[in-house]
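**Student:** Structure incoming, see below.
The values are calculated or read from the model by the stated rules, or taken from the named source; none is laboratory data. Since this is a predicted model, take the numbers as computed values, not measurements. In this analysis, Cβ positions are derived from the backbone assuming ideal geometry, glycine residues included, and neighbour counts consider all displayed protein chains.
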Amino acid sequence: MFVPSPRVTDRAQRLAAQLGCTVGDLIEPYGLPKPALLGSLSAVALTLKALGGRWDRNERVYFFANWATLEAALEHLADIPQDLAKA
């Protein structure tokens with residue numbers, strides 16, 4: 001289940017908003033919450049995977065090992081011109 005996270009930073013929220021996405025926690029049964037990214041990300045799927053993101057097909061989110069990795073991925077995506085990212 002994807003839920004808002006109390007651990008999310010303002011920086012991560014700002015970067016995600018620039019990309020039209022939402023950040024939060026992916027909570028799986030019997031597991032620890034994982035930082036996750038929700039939004040229309042199919043155009044940058046390979047980039048997210050290369051930056052450490054893993055696709056959860058049930059929740060339709062990309063999740064990351066930690067918040068630092070998610071923020072680094074968001075920062076990288078924010079640096080890519082959006083018209084190029086959608087090509």
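**Student:** If you scan segment 50-81, which residues turn out to be among the aliphatic types (A, V, I, L, M), under 17 Å from R7 (Cβ atoms) and over 9 Å from the mean Cα position of the chain (by Cα)?
**Tutor:** Taking segment 50-81 and keeping what is among the aliphatic types (A, V, I, L, M), we get 50-51, 61, 65, 68, 70, 72-74, 77-78, 80.
Add one more test, that the residue is under 17 Å from R7 (Cβ atoms), and what stays is 61, 65, 68, 70, 72-74.
Correct list: A65, A68, A72.
**Student:** May I pose another question? Which of the numbered conditions does W55 fail, given that it passes all the others? Conditions: (1) surrounded by fewer than 18 Cβ atoms within 10 Å (Cβ to Cβ); (2) touching a residue at least 24 places away in the same chain (Cβ under 8 Å).
**Tutor:** Condition (2) is where W55 drops out.
**Student:** So which residues in segment 1-31 are at pLDDT 90 or above and within 14 Å of N66 (Cα to Cα)?
**Tutor:** V23, G24, D25, L26, I27 - these are the residues of segment 1-31 that are at pLDDT 90 or above and within 14 Å of N66 (Cα to Cα).
Here is a yes/no grid of residues against (1) of a type in the set (G, A, S); (2) on the phi > 0 side of the Ramachandran plot; (3) out of contact with any helix residue (DSSP H, G or I) (no Cβ under 9 Å at 6 or more places or on another chain):
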residue	(1), (2), (3)
R7	no, no, no
Q13	no, no, yes
G31	yes, no, yes
A36	yes, no, no
V44	no, no, no
T47	no, no, no
L51	no, no, no
E59	no, no, yes
N66	no, no, yes
